[in-house]
């Protein structure tokens, strides 16, 4: 089994995962680096490489159980080695990719706990759009159109897009029929986290079965954040000394309606009051 209790942070971009990691880091029993991790991608690459390795496949032919156990131990070994430097039992690993690996996690770490960050999709898009307006002379790192509003929305929300990728993983969670897996997922809503941070974190600590820890939202520890140049400064990860609710982003009604129509399941599941209002208005 694993040497650490990993708290997997994932979910939508611009939905508070950086803040959540910052707040978790205040707890004396939790080690939280605060920046995104390649561990999820590493596990995918191990699976991909060995699944296509003729040497490993031949070992499966000879003794499937033994070879498969080696694959399991190798993957867990990578997870254990990633946090070898800390003595903390609870460690945080942040990646938007975790939400798409939940069935794999259930095999590697059956007792996993995953925190999924949510935010109104129009606000997620609006946050990205607002940052793009500040950095128009720089291209997106993933070939998202820098020139057309609708093209940017289309790219961001496609299945492998910055928003669409984790969104598809969140949708997949709604179809999981394994109650054990569903019970290991806790959703954190952005507005609640920024408006009632202590109350939300108390809920998180209770769910993690950890003692609660009080912090001052006006005096937070600030740590160096990950390289924003890697993301061409389109998705900044700056931490701040205090929590302040953010103003709503300006998004045209046409683009909002497009988002509502594409993802009614999201609003029906997580924002039922807004979903009912849009249904009454004939938007969806």
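What to note about this one:
- Of all positions in segment 145-155, at least one carries a residue that is surrounded by 21 or more Cβ atoms within 10 Å (Cβ to Cβ) and touching a residue at least 60 places away in the same chain (Cβ under 8 Å).
- Top-ranked residue in segment 169-183 [being touching a helix residue (DSSP H, G or I) at 6+ places or on another chain (Cβ under 9 Å) and farther than 17 Å from residue 8 by Cβ; ranked as modelled with the highest pLDDT]: 171
Quick grid of which residues meet (1) surrounded by fewer than 16 Cβ atoms within 10 Å (Cβ to Cβ); (2) at pLDDT below 95; (3) out of contact with any strand residue (DSSP E or B) (no Cβ under 9 Å at 6 or more places or on another chain); (4) closer than 30 Å to residue 244 by Cα:
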site	(1), (2), (3), (4)
90	no, no, no, yes
108	no, no, yes, no
126	no, no, yes, yes
134	yes, yes, yes, yes
140	no, yes, yes, yes
143	yes, yes, yes, no
165	no, no, yes, yes
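- Residue match in segment 31-52 (condition: within 16 Å of residue 197 (Cα to Cα) and buried (at least 19 other Cβ atoms within 10 Å of the Cβ)): no
- With respect to (1) surrounded by fewer than 13 Cβ atoms within 10 Å (Cβ to Cβ); (2) modelled with pLDDT of 95 or more, the lone exception for residue 84 is condition (2).
- Which numbered condition residue 186 fails, given (1) at pLDDT below 95; (2) under 21 Å from residue 26 (Cβ atoms): (1)
- Residues (in a loop (DSSP other than H, G, I, E, B) and in contact with a strand residue (DSSP E or B) (Cβ under 9 Å, 6 or more places away or on another chain)) located in segment 21-41: 25, 27, 29, 32, 33, 34, 35, 37
The values are calculated or read from the model by the stated rules, or taken from the named source; none is laboratory data. Nothing here was measured: the structure is a model prediction, and the numbers come from that model. Counting neighbours? That spans all protein chains shown, and the Cβs are built from the backbone with ideal geometry, glycine included.
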